[in-house]
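**Q** My questions will all concern the structure given below.
The values are calculated or read from the model by the stated rules, or taken from the named source; none is laboratory data. None of these values were measured; they are calculated from a predicted model. Please note: Cβ atoms are built from the backbone with ideal geometry, for glycine as well, and neighbour counts cover all protein chains shown.
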């Protein structure tokens with residue numbers, strides 16, 4: 001096939017696809033470089049499979065253009081498409097118990113006429129592919145005798161036997177256990193590392209996408225809403241906005257790759273509550289923050305909280321309200337990773353409320369980090385009950401709170417004053 005020189009192996013320009021009157025893709029632009037492994041992510045119905053089928057030429061866009069290797073997909077014959085793009089569909093179940101070797105050989109059909117037999121080169125390719133997917137010892141077995149994970153590798157092997165420069169995979173890890181998921185995606189990743197194969201895979205698992213893909217493209221309601229390296233795309237805000245799930249962001253200490261720990265669904269809005277105020281970050285612990293978190297939420301504010309230890313009742317309250325949190329393991333001091341997460345939440349907050357929490361060596365960093373907010377956003381200190389002991393670090397907590405006051409933090413007597421202060425213009429609330 002005479003291929004024009006285009007830096008993109010695959011390009012979508014303003015692609016819109018409809019099923020009847022319902023749009024499934026909306027003005028999608030996407031360019032994939034040769035040798036990239038791109039993960040398509042998004043909830044069910046977001047357009048992932050539709051995009052792949054448009055690339056294959058199975059669906060014709062009502063607007064826009066799909067180009068493969070520099071040529072419009074609509075200009076390619078069926079055989080030319082099969083020599084350019086291989087396809088691993090979702091959950092394929094072979095009906096006939098053909099020999100595995102012959103099943104992989106099916107991938108060579110685009111290179112022959114209807115009456116041609118396979119060549120020695122075809123058989124050599126099938127043998128090599130079986131070795132690559134780790135099934136050389138099962139070559140003579142019927143495909144129906146394979147396990148689910150082995151069968152999915154066989155489907156991948158048939159696609160690899162096409163020896164195409166582009167490989168499309170639709171939920172290739174569905175119905176696989178975690179071991180087979182890691183194995184299959186590692187094999188796809190290995191294929192792209194030489195730069196000769198470009199892979200685009202629709203994946204539900206964002207953590208797997210972040211581990212193996214060069215880029216993650218997120219679709220929502222048929223639109224591309226995020227696109228970039230996993231470290232730039234994976235975020236708690238994205239998961240909450242697109243999937244409606246509250247999660248904590250972590251990083252693999254060995255690779256630095258981001259991963260998410262989902263907690264629960266975002267709480268539905270209460271009738272009559274206006275969304276968009278906040279977020280207000282509440283620092284507390286031991287149940288001190290609960291009343292303030294609930295009052296803020298009832299007043300229509302989005303809230304965040306922490307750093308808190310697991311099993312703390314304030315954490316339970318925050319999670320019940322769908323709040324993002326900074327969480328440390330039980331009875332442990334706030335570590336560097338959780339402290340960095342606390343900084344992120346404080347940076348995103350429009351105001352900070354410091355509840356009257358008891359301060360010990362493990363949670364003293366909470367006050368220290370609030371100090372960095374002075375002069376940049378309102379800080380409200382809830383007045384502590386008189387005569388109650390709360391500083392268990394030899395006066396350091398009292399000194400920090402006094403420093404917050406001198407730096408512009410405002411003391412409030414309770415919930416009513418807190419809400420009133422937050423409702424004031426920023427220039428007054430921060431004084």
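**Q** Restricting to region 83-97, give me the number of residues that are more than 31 Å from the chain's Cα centre (by Cα) and at pLDDT 90 or above. Let's see the steps before the verdict.
**A** Filtering region 83-97 for residues more than 31 Å from the chain's Cα centre (by Cα) gives 83, 94-97.
This time we only want the ones that are at pLDDT 90 or above, so: 83.
Of the residues in region 83-97, 1 are more than 31 Å from the chain's Cα centre (by Cα) and at pLDDT 90 or above.
**Q** Which members of region 384-402 meet the condition of being in contact with a strand residue (DSSP E or B) (Cβ under 7 Å, 6 or more places away or on another chain) and farther than 13 Å from residue 357 by Cβ?
**A** Narrowing region 384-402 to residues in contact with a strand residue (DSSP E or B) (Cβ under 7 Å, 6 or more places away or on another chain): 390-393, 397-398, 401.
Matches in region 384-402: 398 only.
**Q** Which one of 121, 141, 102 is within 26 Å of residue 9 (Cβ to Cβ) and at pLDDT 90 or above?
**A** Just one listed residue meets the conditions, 121.
**Q** Now, a different point. Tally time: how many residues in region 82-93 are closer than 23 Å to residue 124 by Cα and surrounded by fewer than 21 Cβ atoms within 10 Å (Cβ to Cβ)?
**A** Total satisfying the criteria: 2.
**Q** Looking at region 106-198, what helices (runs of 4 or more DSSP H) fall wholly within it and have at least 2 residues that are in contact (Cβ under 8 Å) with a residue 12 or more places away in the chain and either under 17 Å from residue 94 (Cα atoms) or outside the structural domain of residue 38 (by TED's automatic domain parsing) (or both)?
**A** 148-160
**Q** Please work out if residue 97 is touching a residue at least 12 places away in the same chain (Cβ under 8 Å), closer than 24 Å to residue 175 by Cβ and assigned to a loop (DSSP other than H, G, I, E, B).
**A** Values: touching a residue at least 12 places away in the same chain (Cβ under 8 Å): yes; closer than 24 Å to residue 175 by Cβ: yes; assigned to a loop (DSSP other than H, G, I, E, B): yes.
Yes: the conditions hold for residue 97.
**Q** Looking only at region 11-24, how many residues end up being at pLDDT 95 or above and surrounded by 15 or more Cβ atoms within 10 Å (Cβ to Cβ)?
**A** 5
**Q** Which condition does residue 361 not pass, out of (1) under 14 Å from residue 333 (Cα atoms); (2) touching a strand residue (DSSP E or B) at 6+ places or on another chain (Cβ under 9 Å), if it passes all the others?
**A** Of the numbered conditions (1) under 14 Å from residue 333 (Cα atoms); (2) touching a strand residue (DSSP E or B) at 6+ places or on another chain (Cβ under 9 Å), the odd one out for residue 361 is (2).
**Q** Further, regarding this structure: State whether one or more residues within region 196-206 are touching a helix residue (DSSP H, G or I) at 6+ places or on another chain (Cβ under 7 Å), under 27 Å from residue 127 (Cα atoms) and surrounded by fewer than 22 Cβ atoms within 10 Å (Cβ to Cβ).
**A** Within region 196-206, none of the residues are touching a helix residue (DSSP H, G or I) at 6+ places or on another chain (Cβ under 7 Å), under 27 Å from residue 127 (Cα atoms) and surrounded by fewer than 22 Cβ atoms within 10 Å (Cβ to Cβ).
**Q** I've got another one for you. Taking region 201-222 only, how many residues are over 11 Å from the mean Cα position of the chain (by Cα) and either part of a helix (DSSP H, G or I) or not assigned by TED's automatic domain parsing to the domain that holds residue 35 (or both)?
**A** Selection size over region 201-222: 1.
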